[in-house]
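Colleague: The structure's right below; bear with me while I get my questions together.
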Amino acid sequence: MKRNWVKTQLFSGITLLLGAASSLEAEPRTLTSTDGKTFTAEILAIRGDQVVLSMGSKQYTLATSRFSEADQTYFEEWKAEQAKNLIPKLDVDISSGKSNRLDTNDQFDDRKGSFQFSIKVTNDERNFDLEEAKGILAVIGENCEVRNNYSIMAKSNFPLAVKEGETIEWQGDKFSYRFDDSEPARWGHQYYGYVFQVTNASGKVIFTKTLPKKFEGEEEKILAFQKGTAFDNEMKNRGKASIYAE
């Protein structure tokens, strides 16, 4: 009876929320209202000046101002810890927009290539808004003259903020280049792959995609290279790459 009375008095006028808890495991906490009443609930999310709570099989949203100062401080600490440690469920679609064709204005077999990346990020994490995150993209080129040598053809950093259930799209600049990948005159670099990584506000890596798979496990080393850097299979810096950009 007391529990039902507390629900009725404290939660009058609240909004019932649908959906499951965040993938950060919720832990029950004894909370105290501003009029001194206590109850136990699981914190699912904190959004601005509202907290989402789970009690039994139901979820509620309440103003944080309706709780004690100690609870309000805990809410802020909980939100900061979640933003720092949660690995949210992200659906990421990456298109390179690459093209590769003969240079019709050249009497030899020189080629033209280009790419323009488009990256869509959907936040599928329940009760969580991704804030102050950052996307990092490094486009990898292959040396047409020296086997197992590569380059950073382009590099981009951009902010990411995606609310729960929403999608954002980032599009990079178009990059065009020339090369020859056939005998007798091999030269230049052509598109080979990429490393894309998302870090949260505290710098924690929360998503990585790498193509081709041979570079998996080497992402941090590749992302540390600057645009125009040449490197080999052992991730050793080989100086400046010969990238013939148009």
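The values are calculated or read from the model by the stated rules, or taken from the named source; none is laboratory data. Just so it is clear, the model here is predicted, and its values are computed rather than measured. Please note: Cβ atoms are built from the backbone with ideal geometry, for glycine as well, and neighbour counts cover all protein chains shown.
Colleague: Given the structure, is N100 surrounded by 13 or more Cβ atoms within 10 Å (Cβ to Cβ), in contact with a Gly (Cβ under 8 Å, 6 or more places away or on another chain) and assigned to a strand (DSSP E or B)?
Modeller: yes
Colleague: Still on this structure, please answer the following. Residues to consider are R178, R147; find the one that is touching a residue at least 12 places away in the same chain (Cβ under 8 Å), of a type in the set (K, R) and over 25 Å from L90 (Cβ atoms).
Modeller: Testing whether each residue is touching a residue at least 12 places away in the same chain (Cβ under 8 Å), of a type in the set (K, R) and over 25 Å from L90 (Cβ atoms) leaves just R178.
Each row is one residue, and each column tells you yes or no for (1) modelled with pLDDT of 90 or more; (2) in contact with a helix residue (DSSP H, G or I) (Cβ under 9 Å, 6 or more places away or on another chain); (3) part of a strand (DSSP E or B).
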| position | (1), (2), (3) |
| --- | --- |
| S12 | no, no, no |
| G19 | no, no, no |
| I46 | no, yes, yes |
| L53 | yes, no, yes |
| T61 | yes, no, yes |
| T73 | yes, no, no |
| Q82 | no, no, no |
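Colleague: Moving to a separate point now. Just to confirm my filter: which strands (runs of 3 or more DSSP E) fall fully inside the stretch 179-240 and include at least 3 residues that are assigned by TED's automatic domain parsing to the domain that holds S95 and out of contact with any Lys or Arg (no Cβ under 7 Å at 6 or more places or on another chain)?
Modeller: 189-199, 205-211, 237-240
Colleague: All but one of (1) out of contact with any Phe, Trp or Tyr (no Cβ under 9 Å at 6 or more places or on another chain); (2) in contact (Cβ under 8 Å) with a residue 24 or more places away in the chain; (3) not acidic (D, E) hold for L102, so report the exception by its number.
Modeller: Tallying (1) out of contact with any Phe, Trp or Tyr (no Cβ under 9 Å at 6 or more places or on another chain); (2) in contact (Cβ under 8 Å) with a residue 24 or more places away in the chain; (3) not acidic (D, E), L102 fails exactly one: (2).
Colleague: Can you work out which of the residues in the stretch 109-144 that are in a loop (DSSP other than H, G, I, E, B), acidic (D, E) and more than 16 Å from the chain's Cα centre (by Cα) is farthest from P88 (Cα to Cα)?
Modeller: D109
Rundown of residues vs (1) surrounded by 15 or more Cβ atoms within 10 Å (Cβ to Cβ); (2) of a type in the set (V, I, T); (3) closer than 17 Å to N237 by Cα; (4) not assigned by TED's automatic domain parsing to the domain that holds R47, yes/no style:
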| residue | (1), (2), (3), (4) |
| --- | --- |
| L137 | yes, no, no, yes |
| I140 | yes, yes, yes, yes |
| R147 | no, no, yes, yes |
| I152 | yes, yes, yes, yes |
| P159 | no, no, no, yes |
| K163 | no, no, no, yes |
| T167 | no, yes, no, yes |
| Q171 | no, no, no, yes |
| F175 | yes, no, no, yes |
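Colleague: Would you be able to tell me the number of residues in the stretch 102-142 that are within 23 Å of E164 (Cβ to Cβ), among the acidic types (D, E) and at pLDDT 95 or above?
Modeller: Counting residues in the stretch 102-142 that are within 23 Å of E164 (Cβ to Cβ), among the acidic types (D, E) and at pLDDT 95 or above gives 1.
Colleague: Select from the stretch 84-97 the residues that are surrounded by fewer than 17 Cβ atoms within 10 Å (Cβ to Cβ) and of a type in the set (A, V, I, L, M) and write down the one among them that is modelled with the lowest pLDDT.
Modeller: Filtering the stretch 84-97 for residues that are surrounded by fewer than 17 Cβ atoms within 10 Å (Cβ to Cβ) and of a type in the set (A, V, I, L, M), the one modelled with the lowest pLDDT comes out as I87.
Colleague: What's the total number of residues in the stretch 60-72 that are surrounded by 12 or more Cβ atoms within 10 Å (Cβ to Cβ) and either polar (S, T, N, Q) or assigned by TED's automatic domain parsing to the domain that holds Y177 (or both)?
Modeller: 4
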